[in-house]
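Take a look at the structure below.
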Amino acid sequence: MSRIQATLAALQARGHKALIPYVTAGFPQADITPDLMHTMVASGADIIELGVPFSDPMADGPVIQRAGEKALTYGIGTSHVLAMVKTFRERDNNTPVVLMGYANPVECYDLQHGANAFIRDAAAAGVDGVLIVDYPPEECRDFAARLKAAGLDLIFLLAPTSTDERIAQVAEVASGYVYYVSLKGVTGAGHLDTDAVEAALPRIRRHVKIPVGVGFGIRDAQTAVAVSRVADAVVIGSKIIQLIEDLPREQALTACGAFLSEIRSALNQSQA
């Protein structure tokens, strides 16, 4: 059982829902990420999604695009992201870390460092799972098998537009959890309709037997609690990026911690 699977199983056994915050690696300062990850854990995060900066992030809205662009100006690449995870692991060997990004950085890493180098080095750094936005399930069975052999989970996105056929394809390959994108569009877009999320999840669960996290559009405790009533995990990204993007280091850590603590407290009260 992977660290992700063990964490989610333990939460489910207690009747609790996972809080999964996202932050772009190397943002808002190049060296802040390990400390920001520790702040997230101290403030109630159960799993951390760490964005790998990329120049053409098709699923990301303006907020996360700006974060990625800023990280790229600092020279943050895949090797740096793996080093950040390794540094985080020096003090935390329990909290699962998921790298979220795109195929290009993964394939470029393998071209530079040798076949299967990304999986080898991600596992060695302490990564627990990867979510590659532009890897469709029918084209990455081998990648999924190699990840599984290294003890890593492969996580997929599902959307309101996903057909039953697509959901079934994802269910065959995915492990750890599935990430349901609650809105049509990019990260940070629109207003989340919790009734629509509640209506969509039974169809997903007919095929997907692993936990389902919901993200995109969750910006406050009220919405997080509403989503947690039907999902296994709440994923929050753009709001965190917005909170910290113009702040110096210590203020960014404080703002992130305060926001997640509020979300965690609300989730705990709703699950008591």
In terms of the ratio Rg/(2.2 N^0.38 Å) built on C-alpha atoms, what value belongs to region 22-171? 1.02
Using a cut-off of 15 Å between beta-carbons, work out the net charge of the residues near Y22 (Lys and Arg +1, Asp and Glu -1, Y22 not included). -2
Quote the relative contact order of region 123-272 in percent (integer), defining contacts as alpha-carbon pairs under 8 Å separated by 6+ residues. 17 percent
Find the lysine pairs in the chain meeting two conditions, Cα atoms under 18 Å apart and a separation of 8 or more places or different chains, and report how many there are. 4
May I ask you to evaluate 6.51 cos²θ - 1.76 cosθ + 1.60, the Karplus curve with θ = phi - 60°, for each residue of region 63-70 and list the ³J(HN,Hα) values in order in whole Hz, giving x for glycine and proline? 5, 6, 4, 4, 4, x, 5, 5
Nitroxide proxy distance, nm - points 7 Å out along Cα→Cβ at R141 and E90: 4.3 nm
Only Cα pairs under 8 Å and at least 6 apart count here; give the relative contact order of the chain as a rounded whole percent. 23 percent
Just to confirm my numbers, what's the Cα centroid distance between region 187-261 and region 122-144 in Å? 22 Å
Under a 10 Å cutoff between Cα atoms, tell me which one of L201, L157, L99 has the largest fluctuation in the Gaussian network model of the chain. L201
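Read-outs: derived from the displayed coordinates by stated rules, not from any lab. A quick note: this is a predicted structure, and the numbers were derived from the prediction, not measured. Positions of Cβ are generated from backbone atoms using ideal geometry, with glycine treated the same way; all protein chains shown enter the neighbour counts.
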